[in-house]
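See below for the structure under consideration.
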Amino acid sequence: MSEVILRMEKMAQGGDALSHLEDGRVCFVSHALTGELVKVCLVQDKKDYAKGIAIEILEANKERIKPRCPLYGKCGGCSFQHASLEFQKESARVAVEELFRRFAHVELPLNWQIAFGEPFAYRNRVRVFRVQNSPSKFCWGFREEKSHKVIPIPACPILSRGLEKCLQSEKLPKVPELSLFDNGEGRISFYYPGMPAADFEKFAQNRVHIGGKEISMDSSVFFQSNLGLLPELVKVVKMAAGEGNRLIDLFSGVGFFAAFLEESFEKVITVEREPGALRHARKNLHSKAENIALPAEDWLLQNDASRADVLIVDPPRTGLPPQALDAICKACPKKILYVSCDPATLARDFAKIALSGYRIVQAKGFGFYPQTPHFEMFLELGLL
Ligand SMILES: C[S@@+](CC[C@H](N)C(=O)[O-])C[C@H]1O[C@@H](n2cnc3c(N)ncnc32)[C@H](O)[C@@H]1O
């Protein structure tokens, strides 16, 4: 693999720095920061672009810091630890603004901000894999960066203290992979594929207390992984939703947002593909809510979302499925609240939604995953 020396021009979305090769192609460089002069090992050579890894920093950005975790660069988790938190915040802000300019030709509201919580020990949910250390010993590990190999993790600075301690204990089952959740109050639940029903009841079930509510969940379903910052997201969603007749919560998981909003609406519908999550929604919401186990796109084709005063969407990283996006644009509900874990797909989806007459009333970021290039975005969209 060839090596080149490059000056980093700016940060790209996703945490890599961006530079140009002599032939004019863009080169994305991991572990580098804006302005740095870097010796780069090229690892991907495509027609339109290349990718590389910084192997030596010849001139460093003053915001470069020493990564706290000894596994930085090996573990696939925290690829942004070489940047100060201030740099991480600023590059997240710039990246989102550029995405909205590029995909949707709009500027985000002038005063929009990204809220950050604790930089370390914040992560309440994790999936780990079992690795054999020696013929008689095993421990838990994460996937190596850009590979499927698993490396042992003796400690992890972003995990909640409870999770970190639990992973070092001998009590966990000896299964190939495990999903754990720390509810922040001393209960750590876990799940593995094929778990017997009796063990599921005993070990996988959990509950979270937020804003005076108890939310039922378990370790096999989706739940936000930063409990420290979650109340802030709930507050913003609740304020933006206000009150009304009909609330539709698509990609609703355990009915998380609807649980906080149901008292302000006459009729509540939640739609979630995973039956396991929906079982909790039935507990988390009161009887007036209708909880439907369907892909959101199928429900939208069979039902009329135009009657929603508020439509919440919180899709996975891939964004809204095309059929769901089309149906939402046609239905034109009064207000759309879009919660997203990938600003690129959010900007892409917003570009389409904007063609139906929506504008951004409010934008807010949530730094749910410090030390990584990922964060959560919230948009309140209203009709012009
Ligand atoms: C990012 S999570 C959000 C869950 C919930 N809003 C919360 O905050 O806990 C996305 C959820 O969408 C569900 N999902 C994924 N694709 C879906 C689809 N096509 N239709 C309905 N639900 C889907 C997943 O199972 C997951 O529960």
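Throughout, read-outs are computed from the coordinates displayed, never taken from laboratory work. What you are looking at is a predicted structure, and each value in this text was computed from that prediction instead of being measured. Glycine gets a Cβ as well: all are built from the backbone with ideal geometry, and neighbour counts include every protein chain shown.
Dividing the mean sequence gap of close Cα pairs (under 8 Å, 6+ apart) by how many residues the chain holds gives a relative contact order of 13 percent.
Working note: Karplus 6.51/-1.76/1.60 with θ = phi - 60° gives the range 142-155 the couplings 10, 6, 5, 4, 6, 7, 9, 5, 9, 10, x, 10, x, 7 Hz, where Gly and Pro are set to x. Placing dummy labels 7 Å off each Cα toward the beta-carbon, the span from Gln113 to Ala155 is 3.3 nm. Would you please give the FRET efficiency between Ser134 and Thr318, computed as 1/(1 + (r/R0)^6) with r the Cβ-Cβ distance and R0 = 35 Å, to the nearest 0.05? After rounding to 0.05, the efficiency reads 0.30. Mean separation of Cα pairs under 8 Å and 6 or more residues apart, divided by the residue count, gives the range 43-92 a relative contact order of 26 percent.
For the range 1-93, a crude dipole built from +1 on the beta carbon of Lys and Arg and -1 on the beta carbon of Asp and Glu, taken about the Cα centre, is about 340 debye to the nearest 20. Computed from backbone phi with θ = phi - 60° and the Karplus coefficients 6.51, -1.76 and 1.60, the 3J(HN,Hα) list for the range 284-297 is 6, 10, 7, 4, 5, 7, 9, 10, 10, 8, 8, x, 4, 5 Hz; x is used for glycine and proline.
Comparing Lys66, Lys364, Lys335 in a Gaussian network model of the chain, where Cα atoms under 10 Å apart are tied by springs, the biggest mean-square fluctuation is seen for Lys66. Considering only Asp298, Asp249, Asp23, the mean-square fluctuation computed in a Gaussian network model of the chain, springs between alpha carbons under 10 angstrom, is largest for Asp23. Both radii come from the Cα set of the chain: Rg as radius of gyration, Rh as Kirkwood radius; their ratio Rg/Rh reads 0.98. Rounded to the nearest 500, the 222 nm mean residue ellipticity of the chain from helices alone is -6500 deg cm²/dmol, with -39,500 (n - 2.57) taken per DSSP H run of at least 4 residues. The packing ranking of peptides 168-177, 322-331, highest mean first, is 322-331, 168-177, where packing means the average number of other beta carbon atoms within 10 angstrom of each residue.
One way to sum up the overall shape of the range 125-218 is the equivalent ellipsoid from its Cα gyration tensor, whose semi-axes run 25, 16, 12 Å, largest first. From a point 7 Å beyond the Cα of Leu294 in the direction of its Cβ, which residues of the range 345-374 have a backbone N at a distance under 11 Å? The answer is none. The GluC sites (Glu not before Pro) of the range 1-85 that meet both conditions, a loop assignment by DSSP and at most 16 other Cβ atoms within 10 Å of the site Cβ, are Glu9, Glu22.
Sequence-distant contacts, meaning Cα pairs under 8 Å at least 6 residues apart, place the relative contact order of the range 87-175 at 21 percent.
Expressed as a whole percent, the proportion of Cα-Cα pairs in the range 3-64 lying more than 17 Å apart is 27%.
Which trypsin sites (Lys or Arg not before Pro) in the range 1-75 pass both tests, a DSSP loop state and at most 16 other beta-carbon atoms within 10 Å? Listed in order of number, the matching sites are Arg25, Lys46, Lys47, Lys62, Arg68, Lys74.
For Lys267 and Val361, the difference between the fully extended length at 0.36 nm per residue and the C-alpha to C-alpha distance is 31.4 nm. Take every DSSP beta bridge whose two residues both sit in the chain; close to 65 percent of them are antiparallel. Of all lysines in the structure, the ones whose alpha carbon falls short of 27 Å from that of Lys47, not counting any fewer than 8 places away in one chain, are Lys10, Lys39, Lys146. Taking each of Lys235/Lys352; Lys283/Lys335; Lys174/Lys202; Lys238/Lys352; Lys66/Lys364; Lys288/Lys364 in turn, the alpha-carbon distance tops 23 angstrom for Lys235/Lys352; Lys283/Lys335; Lys238/Lys352; Lys66/Lys364; Lys288/Lys364. If R0 is taken as 35 Å, the Cβ-Cβ distance between Lys235 and Gln44 corresponds to a FRET efficiency of 0.25. Each residue, Arg279 and Lys174, gets one label point 7 Å from its Cα in the Cβ direction; the gap between the two is 2.8 nm.
What is the calculated FRET efficiency for Glu22 to Glu59, with r their C-beta to C-beta distance and R₀ = 22 Å, to the nearest 0.05?
0.70
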